[in-house]
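Enquirer: Attaching a single structure in structure tokens format; questions to follow.
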Amino acid sequence: MTNLKHFEIDYQSSLDFVDICSWNVESSLIMLGDKISLSDLNRFFKRWIKGSNPKLEELSILWDTKFIPNWNILLKGLKTIETEEDGEEEDDYDDEERGAKKYIIKNVHGISAIIKVMHSGGDCGVVKFILKN
């Protein structure tokens, strides 16, 4: 993909998050039908920290799950800082009710991003990755 502003994938059954590292997009929304590999997503964030996806400004991933994901798998080795800050101007959901947590990570270029994770009443898991100004 070359220089896309926005890319969206709806209900993809299997997606390799390591491949996302080669996408050259500013914003992406990925909706998965069932489960997600938090280990793969962790590898994606580690690659971002090392400099991949330099144009990426926002990544939203939604998937169906009845179980609360183990966010420790996602955050393992990322050197995160938990925060109350929000990278969005508008937030449609009450973060406290949805069990949202936000973490800051920084890449080798000194760019910070917020990873926002939440589980909404057993219906879906959400991961948001938003560059911090």
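The values are calculated or read from the model by the stated rules, or taken from the named source; none is laboratory data. All values reported here derive from a predicted model rather than from experimental measurement. Please note: Cβ atoms are built from the backbone with ideal geometry, for glycine as well, and neighbour counts cover all protein chains shown. With ligands, DNA and RNA removed, areas are computed over all heavy atoms of the protein, side chains included. Shrake-Rupley method; radii C 1.70, N 1.55, O 1.52, S 1.80 Å.
Enquirer: Restricting attention to the stretch 35-79, report how many residues are touching a residue at least 12 places away in the same chain (Cβ under 8 Å) and in a helix (DSSP H, G or I).
Expert: Total satisfying the criteria: 16.
Enquirer: Could you please let me know if Arg43 is at pLDDT 85 or above, farther than 15 Å from Leu131 by Cα and in contact with a Cys (Cβ under 6 Å, 6 or more places away or on another chain)?
Expert: no
Enquirer: What's the total number of residues in the stretch 80-93 that are under 13 Å from the mean Cα position of the chain (by Cα) and modelled with pLDDT of 85 or more?
Expert: Residues that pass the stated criteria total 0.
Enquirer: Restricting to the stretch 46-79, and then to whatever is open to solvent by 80 Å² or more (accessible area, probe 1.4 Å) and within 19 Å of His6 (Cα to Cα), can you tell me which residue is modelled with the highest pLDDT?
Expert: Taking the candidates together, the pick is Glu57.
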